[in-house]
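The values are calculated or read from the model by the stated rules, or taken from the named source; none is laboratory data. Nothing here was measured: the structure is a model prediction, and the numbers come from that model. Please note: Cβ atoms are built from the backbone with ideal geometry, for glycine as well, and neighbour counts cover all protein chains shown.
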Amino acid sequence: MNKLRTLLAGLAIAGTAVVAVPTAAQADGGCGYTNFCAYSDDYNYLYQNAGNSNDWPYQVKNKVDWVRNSGSAGGRDHVNIYYNENNTGAYACIGYGTEWNLRNNAQTFNWTRNGDASGQWKAVHDNAASHRWVYGCGNGTW
C-alpha cells in the first residue's frame, strides 16, 4: 500500500510539472501555414502574422520566448526579427520552416542594415520588437 501511495504521489508531482511549463511544441499548437509566429511565456500568448509588422503587440514585444517561420517556400520566405520597432536596429534572420526556442539565449541579433547596430549581439530572447519577410539572410537584407 505504501508503494502505491508513493507511486501516485510521484505521478501527481510529475503531472503538475508537465502542465506548468509551456513547451515550444505547445506554443506551436496554432502557428498557421504562411505565418511568422512568436510566443511569450509571460502572457501565454501566440502572435501570428502572414505579413510584416513594424510594432509587435505588447504581449510579445520584448517578451518573446519562441519563434517559428511557417511561411511558404519561395520568394520572401525568411524573416528578419528586429531589435527595435519599425524594422530598425540589428536583426536575426530565421529561415523557412525553422523554429527557435529562445529561452537558451543562443540566437542573437548579429546582422545590421544601413549602419544601425543598436542591439547587435544581444540575445533575441525577450528583446525583439518587429519583423519583416525577406528573400534571404545576411547583412543589409530587406
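Does any residue of the range 79-87 turn out to be of a type outside the set (A, V, I, L, M, F, W, C), at pLDDT below 95, in contact with a strand residue (DSSP E or B) (Cβ under 8 Å, 6 or more places away or on another chain) and under 21 Å from Gly140 (Cβ atoms)?
No: the range 79-87 contains no residue that is of a type outside the set (A, V, I, L, M, F, W, C), at pLDDT below 95, in contact with a strand residue (DSSP E or B) (Cβ under 8 Å, 6 or more places away or on another chain) and under 21 Å from Gly140 (Cβ atoms).
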Sort out which residues of the range 95-142 are more than 17 Å from Lys63 (Cα to Cα), without any contact (Cβ under 8 Å) to a residue 40 or more places away in the chain and assigned to a strand (DSSP E or B), and write them in order of number. Trp111, Arg113, Asp116
Considering (1) more than 18 Å from Gly51 (Cβ to Cβ); (2) buried (at least 21 other Cβ atoms within 10 Å of the Cβ); (3) touching a helix residue (DSSP H, G or I) at 6+ places or on another chain (Cβ under 9 Å), say which one Val67 fails and leave the rest. (1)
Any chance Ala38 is in contact with a strand residue (DSSP E or B) (Cβ under 8 Å, 6 or more places away or on another chain), at pLDDT below 95 and buried (at least 19 other Cβ atoms within 10 Å of the Cβ): no
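Table: residues versus (1) of a type in the set (Gly, Ala, Ser); (2) in contact with an Asp or Glu (Cβ under 9 Å, 6 or more places away or on another chain).
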site	(1), (2)
Glu85	no, yes
Thr88	no, yes
Arg113	no, no
Gly138	yes, no
In the range 72-91, the residues that are more than 14 Å from the chain's Cα centre (by Cα) and touching a residue at least 12 places away in the same chain (Cβ under 8 Å): Ser72, Ala73, Gly75, Arg76, Asp77, Asn84, Glu85, Asn86, Asn87, Thr88, Gly89, Ala90
Would you mind telling me which numbered condition in (1) modelled with pLDDT of 95 or more; (2) within 19 Å of Gly136 (Cα to Cα); (3) part of a loop (DSSP other than H, G, I, E, B) Ser72 fails? (1)
